[in-house]
Each structure stands twice: as C-alpha cells, then as structure tokens.
Amino acid sequence: MRPGWKAGPLGIFGICAAVAVFSFCSWKGGLPKEPEVVNSLMMRLVRVEPGSFQMGASGNPLPLALTDGKPNRQLGDFDEHPAHRSTITRPFYMAIHEVTNAQYEQFDPSHRELRGKLGFSKEDDEAVVFVSWHDAVRFCEWLSLREGRPYRLPTEAEWEYAARAGTLGPFHSGDSLPESFLKNPIRSWFPRPDRSSPTEIVSLTVGQTPANAWGLHDMHGNVEEWCYDWYGPYPGEAQVDPVGRDSGDFRVTRGGSHSTELYYLRSSNRSGTLPEDRSWLIGFRVVMGELPPTAPLPVEPPPPHQLQVSQSAPDGSASPSPDRPYFRGPLRYVNIPEESQGPLFSKHNHDPAIAECPNGDLLAVWYSCESEPGRELSLAASRLRYGGQEWEQASLFWDAPDRNDHAPALWFDGRGTLYHFGGLSAAATWGNLAMLMRTSRDNGASWSKARLIAPEHTTGQMPVESVFQTREGVIVVPVDLYGGDSGLWLSRDEGATWAPAGGAIRGIHAGVVQLADGRLMALGRGKAIDGKMPMSLSSDLGKSWTHQASPFPILGGGQRLAFTRLKEGPLLLVSFGRKLSIRDASRRQRPVSGMFAALSLDEGVTWPYMRLVSDDGPAREIETMDGHQVTMSRSSAEPVGYLSITQTDDSLIHVISSRQYYSFNLAWLKTPAPAARRPSSPSGRRLSRKTRLASRASGEDFRDEGRWRFESNNADSSKAIAIARGIFALSTKDGQQFRLRDNQSDSFGALQSERGFSAEIRAQVLSSKEGRRGVDLELYDGLGSRYAITITRNGVYWYEGPILGTSYLDFDGYTRLVEGVDNSGRMHTFRVAVREDRTAQIYRDGRLIGSRRFEYRTPREPYLAWGADENVRARVGEVSYDLQGPFRP
C-alpha cells in the first residue's frame, strides 16, 4: 500500500452504524442481494443483473444532428463494428456516480493539490480527474482491502451493458440527450497560455443529470471513465463475459466527457488512451464483483508494414552510382483506397515523416483524417522495401482511439534503433499534446510500448520532423511552441530523460542542424524578417537564439521545409518558393516555382546550388496534397506539402511531401537543371457567350445567413454595409468578406471543375489606397485551384502570391492585369471564366484583360467570396455565378 494512504474519518464501523440501506457488517461472503448498497465512502451502488445485449453500433444511420454530415460518422466509428451479441453471466454492482474528489482523496490525500488544475473539478462532489488507469486500479485495490469485498473497474462490455440499460439507440434517452448532459459540447477545449479565465470551465458535480433506467447517472458526458480492458478490434462472433484483449497500447475509456461533441457521448462510442495518461477529461467509476474468469482475446495481428520484414543488412545491389546524377520521382507513397472512412481516411493525409531502416527499407508515417482537429485522426504507415519499385498500401501505424495523434517524427540513430516521437492529444485538436516516444530494434517489425516523455497535455510539445543527435550525443527533437515559434526538447542520456531547451526559434515547423562550430541553425515558417524566411542561431544548445533573415522565401499554410546535413558534409534545404531564380545549363537565370532544393558548402553562408525537385520532363499534371492536381515541368514543381527528408547509408537522399516520394543524390543536386523550353502562355481562346449568369445575388440577398455568410475578424455586416436601392455601399475593414459556401444543388459548392464555371461582380470603387487591395472576388473549386482578383480605383490585379491558409490576401501577392483604367466613375462588370483546363479568362466590361492558370491553395470546401480591403469605399450591385461552363460576357 502506498505510504500516506489511509481510511477517511468515517471508517467502516461508523458507516455500519449510520447506513440504513445495507449494513456491510452483515456480509458473510459473496455479493449482496439488495438492489442498492452504500459503502464506507458513501458510494451508492446498484445491482446489475445478468443479461445479453447487442454491443457496438447498430448499423442504422445516425441522426444528422450527431453526424454533422460527416461521412465517417454516418454509421458510427469503424471500431464500433461489427456489432455482436455480448452476454454478461454474473451480477455486479456499479456505482451510480463517478468517483468524486472527496472519495478519491481518502485513498490519496496528495491529489488535493490537483483540484482546480486548469480550472476543473474543485469541489468535494465533483468527479475526480487527472487520474491515470493505474491510479484508478490502485484505488480499487485499496477499497477492496478497506471493505473486504472485490472492487475493480468495469469491463468495457459491462460498461456498455449498464449504460444502455436495455436501450438500443445512441443514448439511453433516445436519439439525443437532455440539455443537462451537454457541458460545453464543442469540438474540444484545451489550455492556452493566453487564457487567464477560461469561459469553458464547467462543473463536474456528479449526479446532476437524469439517471438511466437502471439508476446510473452521468453515463453520457461529465467525464470519460476508465474501463478494465486493453483496447482492440471487436471480434465477429458473440462473446460471453468479454474482458478485452490480452495486451495492447491503450486502455479503454467510455462515456465521453465535458468539452466534447455529442457524437462522442453515445453508448457505443469507444475511446482510450495510454494507461499512464492523465487529463481534465478522464475519471472513473467502480464496480463491485469478481472479474469474469474469461480468457482475453489474443493481441491483434501486426499491420502489413510490420510483416515479413527482413532483418538482413542491405547488400548494395539496389544503390545507383554516387558519381552519376540520379533522380527518381514523383512516386506516390500515400496509397489509401478511395472512400476509406477509418481507421485510415482517403480525405486528408498530411504531416509525414520518413526514416531509413537498418535493413535498407524506407518507412514513412503520416496522419490520416477527415479534418485535422478531429478525434478520428490516426497515423498511417507505408514501407518501401529495399530494392522495391512501389510503396506498399498504407496500413495503421498508431491510433489512440478518439485522440488526435498529431505530429509524427521518425529518426534512425545509425546504430540499429528506430525512434517514433509523437503527440498524444487529450481529445481533439493539436493544442493539448503530451509527447510520447517508442523504439524499434527490428526494422519496425515491432515497437516498444509508448512512453510519455513529456506527459502534460499542453502547448509547446508538438514534435517536428527534424530529429537528430549532436556530436556531443544530445538527441534533439524540435517542437512547435504556442504563438508561432519553435523550440527544442533535449535528451542527454539516450532518451531516458527529457527537458525543454528553453529558447524560441523564430517560426513554426522549424528544421534544425548543428554547424561545424557547434552552434545550432534553424529555419522556420512564418514570422518573416525583411520579407524572408527567418534564420535562428544558438550557441547554447537552444537555450537562447538570435534571429536574422535567410535568403529564402517565406512559407505559408500547407508548407513545411526539410533541413539536414548530408553525410558528405554540405547542408541541404528543401522548401517552397515562387518565382525563384535558378541558373540552368544554359548559364542563364530563369524563374521557377514550387519545391526546390538548395545546397550550402560553407555552413549556410552561401547557397550556390539550387534547383527544382522535378524530373524536368514536359509539363504534366501530378497529384499533390490530398490528390489535388498541379503542374510539374522544368519550371514548376509541387507548390505545397509538409516535407521530410532522410539520407540512407548509400548516400541517396529521400524526400517525401504530403503525397509524393522523391529520391536523388548529391551529384544531381550539383548538376545544373536543363535549359528552359520556350514558355507557353495560357490561351485566350474564344468562349461561348452568356450575358447573364444563372445565379445572382444583390441587396438583401447577402443578409441570408443560410446561403451567404458575412465573415469578419472585427465587425458585423451591419457595420460594413448599407443598402440603398438594392446596391451595397461597402466600407469594410481588413479581414471581412461575404462568402457563399454551401452544398445545395444549385449553389457554388456543387460546381464540377471539369466542365468549367463563371463568376462576376458589378462594382464601382469610389476610393482605395495606393498599394492596397480594392474590391475582391475569389473563387475556389475545392480541388486546390484558386482564382482571385482585386479591383482598385484604376486597376485590376490577379493573385499569384504565397500559398496562404487564409482568404485575406496581401496585395504584394497580386500582379497586374490592367492599370490606368477608371473603375470609380460608374459601375463596371468584372467576370472570371474558369475553363476545364483550370485557366481563367478575366474580363472587364466584356473585354478580355488577361488569361491566367489557377493558383494553388490549401484544401477547403468550394466557395465564392467577395469583400474589400480596409478603408475601401465601393458600391456593389450584383454578384453572380454559373456552373454550366466558362462564358464570356
């Protein structure tokens, strides 16, 4: 028994005298027969009789209010299937409430120091939180000794049986829950350093919701509850007294909690986490009764990428000569069947990591999800076997159920050990990550159980794929800090213990290397210095940093660089840029755009070698993130993606983006790119004419929140517009726009890009500031293609700037279509007609003023948006669109 644990002041004999419901002093062995008992901690427990029930999701479509229209939710989560008959053969008693602070602290008085942590669970009668599975088990063992009766956690089957209380629907109350169950039912709450008094803090007082038919309170929401079982897939056949799997990574939690979407509070929903995890979401309740003697199910078989893994060293037969330029790619490594809805998802795959295995294989991992903040997010993996030509179909790498498993990083230490670093969310989002580490000594065929090396769920612990070991033996894991910076976590004892370095690298998603003089150099995204990517330098292993401009372009949304030192000595950066200037084989400078590689031979002082990461073939469409189509040629490469890099023992360099794999060597990097072919400009071919587009909106139409929506950082629509005779008088601030974004059959969200589409705006720009945007019109097709113009008093401009994760675009990213025209004297009509080849023809009052190819932007649903820059005064008469094709006025 742990020192300091002792019975509370009431004691068992005081309870025997005081409690009339049942006297524990009369127990002679075995379970009591009464329908309800009360124990020495004043816990009320109800008897649950044996029976059978259908465990898991029913297979019937869930109500729209639960699914939010998401396809992966229509029939419940993948791990709720197959539904199967489960039989409970023994009665047991279950506590009608979750264990409270007052009850738990009779076992562990030191837990009182955690009351109110992050604002949650301050009072005696609130559910205890910040307890691990091990804590909950030890409490049950302590209570068993105190009472002389067997207390334990419920099995997962017992929990669902009791929660359903004979019902079949999503909740014991039917298709939804009464209002009292919904405690801050948002996607997720997480602690942020800038939040001094969170408004989302809710009471966790037990017993405030209606009991189910068997007398149990708070089975949906309040706090998640630890169960006995190791988590694993359901079997396909009926089960009798199931106790889960024989082992695993995660212990099951059930019931959902506060700060959680209604979907995750359902009776059949399954969650889980590492048994040592503690958070503000998880508590437990106890049952009284012996654990069923059933043998657990065997451990789930390994996924395909862990099967038939060679343990032999590579023989060198598959390695090209390092003296001749070598390039391979693009080769798709994200191979997930279409319409996959869990545990891997075909919709969004991103944030990869790659490492060499000691046997010469390459292992890639990345996250897979419907949406990045979602609880469904899991980690996928694929293997490129040594000498193989294709990456294998993806399989599951790691998936804490209903936790956002964000930000994987892989590292091979060169001495036989692979490391996996990752973030374990308390629930959804990437803002509350604890950091974990696993290792493999057999080329990724098996992995150690995860260990939380930074166990607090907080900001500043999202690993970045740039792990390395310094010459002094310190393992360095870059992480994203809160506020747009990066930092380092360090281990000086081969991963046994970890601590933050303390300093801040400018920019997120930083790549870090050690220089020859021992200093660290880092390059990050965002937080530009003089319009360039920031460079940070540290002479004290990350405790402090100085910052300066690098020679490289800044990165935006959907982009992450890769930075490493090659075995041959040079520094290599792979990143993204637009209108970069490279010197090709003709010895002339020419512009290129997209993913590039830059090489430094003097520790980052100069970068004399630069070229696109492209096969330099003829222009053609390739897939980038999530299957979006982009153009690869001698002058263009992938414009977006998170990058990861490794160099194998044969000196080949391997780079993956969010979709594709590339391999090349140092000789290729040092070889000038081929000379450019004669550039082709988008054609201004003659389109069919259509004077009036099919769908039009004006005046009061823009106040219809069902179709058009005013989006703003700082005001509402009534302060931005005034309507006079059906015409808008517009005076907005930056960060405001009207947006049409829905999936109705006749709305813009239903566009089919392969047939083309058109949109136009009638506007009179009364005043706009020099060098700033005017009235904006922006179209996005949902497939990575953006078409955006801005109209000033005397010009029209096309956006071809940085790939941003926002629609509020900087004027510096626009190029001229036409200048020296008067857009202020009267209304003019501006049309963007998008052809099936993703070329836009732009018209002013029926005259073609330019043709431009699409510009890539990060994934979103289709939308049409219009607005204006700050201090613009304009009149907007009508915004219209047509999905039947590209039409000239």
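The values are calculated or read from the model by the stated rules, or taken from the named source; none is laboratory data. Just so you know, these numbers come straight off a predicted model, no measurement behind them. Cβ sites come from the backbone with ideal geometry, for glycine too, and all protein chains shown count toward neighbours. With ligands, DNA and RNA removed, areas are computed over all heavy atoms of the protein, side chains included. Shrake-Rupley method; radii C 1.70, N 1.55, O 1.52, S 1.80 Å.
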Filter result for Ala400 (touching a strand residue (DSSP E or B) at 6+ places or on another chain (Cβ under 6 Å) and within 30 Å of Ser268 (Cα to Cα))
yes
Has region 110-122 got at least one residue that is among the aliphatic types (A, V, I, L, M) and over 25 Å from Ile88 (Cα atoms)?
yes
Need a quick list: strands (runs of 3 or more DSSP E) entirely within region 234-350 having at least 3 residues that are under 30 Å from His217 (Cα atoms).
251-254, 271-273
Conditions (1) closer than 24 Å to Leu523 by Cα; (2) part of a strand (DSSP E or B); (3) in contact (Cβ under 8 Å) with a residue 60 or more places away in the chain: number failed by Ser466:
(2)
Any chance you could count how many residues in region 659-678 are touching a Ser or Thr at 6+ places or on another chain (Cβ under 7 Å) and more than 15 Å from Ser321 (Cα to Cα)?
3
Restrict the check to region 95-110 and report whether at least one residue is at pLDDT below 95 and in a helix (DSSP H, G or I).
no
Within region 607-672, which strands (runs of 3 or more DSSP E) (wholly inside it) include 1 or more residues that are within 32 Å of the chain's Cα centre (by Cα), within 16 Å of Gly329 (Cβ to Cβ) and hydroxyl-bearing (Ser, Thr, Tyr)?
629-632, 644-647, 660-664
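Going by the structure shown, is Ile842 surrounded by fewer than 21 Cβ atoms within 10 Å (Cβ to Cβ), farther than 11 Å from Leu777 by Cα, among the aliphatic types (A, V, I, L, M) and in contact with a Phe, Trp or Tyr (Cβ under 9 Å, 6 or more places away or on another chain)?
no
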Checking Ala865 against (1) open to solvent by 10 Å² or more (accessible area, probe 1.4 Å); (2) not in a loop (DSSP other than H, G, I, E, B): exactly one of these is not met. Which one?
(1)
Among the residues of region 278-306, which ones are in contact (Cβ under 8 Å) with a residue 40 or more places away in the chain and closer than 30 Å to Asn443 by Cβ?
Pro296, Leu297, Pro298, Val299, Glu300, Pro302, Pro303, Pro304, His305, Gln306
Among the numbered criteria (1) in contact with an Asp or Glu (Cβ under 6 Å, 6 or more places away or on another chain); (2) open to solvent by less than 10 Å² (accessible area, probe 1.4 Å), which one does Ala102 miss?
(2)
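Table: residues versus (1) farther than 22 Å from Gln106 by Cβ; (2) open to solvent by less than 30 Å² (accessible area, probe 1.4 Å); (3) at pLDDT below 90.
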residue: Met1; (1), (2), (3): no, no, yes
residue: Ala7; (1), (2), (3): no, no, yes
residue: Asn39; (1), (2), (3): no, yes, no
residue: Phe53; (1), (2), (3): yes, yes, no
residue: Arg73; (1), (2), (3): yes, yes, no
residue: Gly76; (1), (2), (3): yes, yes, no
residue: Arg90; (1), (2), (3): yes, no, no
Within region 138-189, residues surrounded by fewer than 16 Cβ atoms within 10 Å (Cβ to Cβ) and either aliphatic (A, V, I, L, M) or part of a strand (DSSP E or B) (or both) come out as Leu145, Leu168, Gly174, Ile186
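I'd like the full set of residues that are among the small types (Gly, Ala, Ser) and surrounded by 17 or more Cβ atoms within 10 Å (Cβ to Cβ), limited to region 810-839.
If the condition is that a residue be among the small types (Gly, Ala, Ser) and surrounded by 17 or more Cβ atoms within 10 Å (Cβ to Cβ), then Gly813, Ser824, Ala833 are the ones that fit.
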Are there any strands (runs of 3 or more DSSP E) wholly within region 502-588 with 2 or more residues that are β-branched (Val, Ile, Thr) and surrounded by 15 or more Cβ atoms within 10 Å (Cβ to Cβ), and if so which?
508-514, 571-583
All but one of (1) over 30 Å from Gln884 (Cβ atoms); (2) open to solvent by 60 Å² or more (accessible area, probe 1.4 Å) hold for Ser663, so report the exception by its number.
(2)
Identify, please: which residue in region 111-130 is farther than 26 Å from Glu158 by Cβ and among the small types (Gly, Ala, Ser) and is, among those, modelled with the highest pLDDT?
Gly116
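Among the candidates Leu580, Leu687, Leu693, Leu669, single out the residue that is closer than 30 Å to Cys357 by Cα and of a type in the set (A, V, I, L, M).
Of the residues listed, the single one that is closer than 30 Å to Cys357 by Cα and of a type in the set (A, V, I, L, M) is Leu669.
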Considering only residues that are part of a loop (DSSP other than H, G, I, E, B) and at negative phi, look in region 589-606 and name the one that is surrounded by the fewest Cβ atoms within 10 Å (Cβ to Cβ).
Val605
Filter region 850-862 down to the residues that are open to solvent by 20 Å² or more (accessible area, probe 1.4 Å) and either aromatic (Phe, Trp, Tyr) or in a strand (DSSP E or B) (or both) and list them by number.
Arg852, Arg853, Phe854, Glu855
Right, Trp230: within 26 Å of Gln461 (Cβ to Cβ) and hydrophobic (A, V, I, L, M, F, W, C) or not?
yes
Of the residues Glu754, Glu760, which single one is at pLDDT 85 or above, in a helix (DSSP H, G or I) and closer than 28 Å to Gln629 by Cβ?
Glu754
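Residues checked against (1) polar (S, T, N, Q); (2) closer than 19 Å to Gly244 by Cα; (3) over 33 Å from the mean Cα position of the chain (by Cα):
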| site | (1), (2), (3) |
| --- | --- |
| Gly69 | no, no, no |
| Gly119 | no, no, no |
| Asp124 | no, no, yes |
| Glu141 | no, no, yes |
| Ala157 | no, yes, no |
In region 784-791, is there at least one residue being in contact (Cβ under 8 Å) with a residue 24 or more places away in the chain, in a loop (DSSP other than H, G, I, E, B) and open to solvent by less than 20 Å² (accessible area, probe 1.4 Å)?
yes
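Taking the condition in contact with a strand residue (DSSP E or B) (Cβ under 8 Å, 6 or more places away or on another chain), buried (at least 19 other Cβ atoms within 10 Å of the Cβ) and within 30 Å of Arg115 (Cβ to Cβ), does Ile282 pass?
yes
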Taking region 212-229 and keeping only residues that are open to solvent by 40 Å² or more (accessible area, probe 1.4 Å) and touching a residue at least 60 places away in the same chain (Cβ under 8 Å), one is left with Trp214, Tyr228
Within region 460-494, residues within 16 Å of the chain's Cα centre (by Cα) and open to solvent by less than 10 Å² (accessible area, probe 1.4 Å) come out as Pro463, Val464, Val479
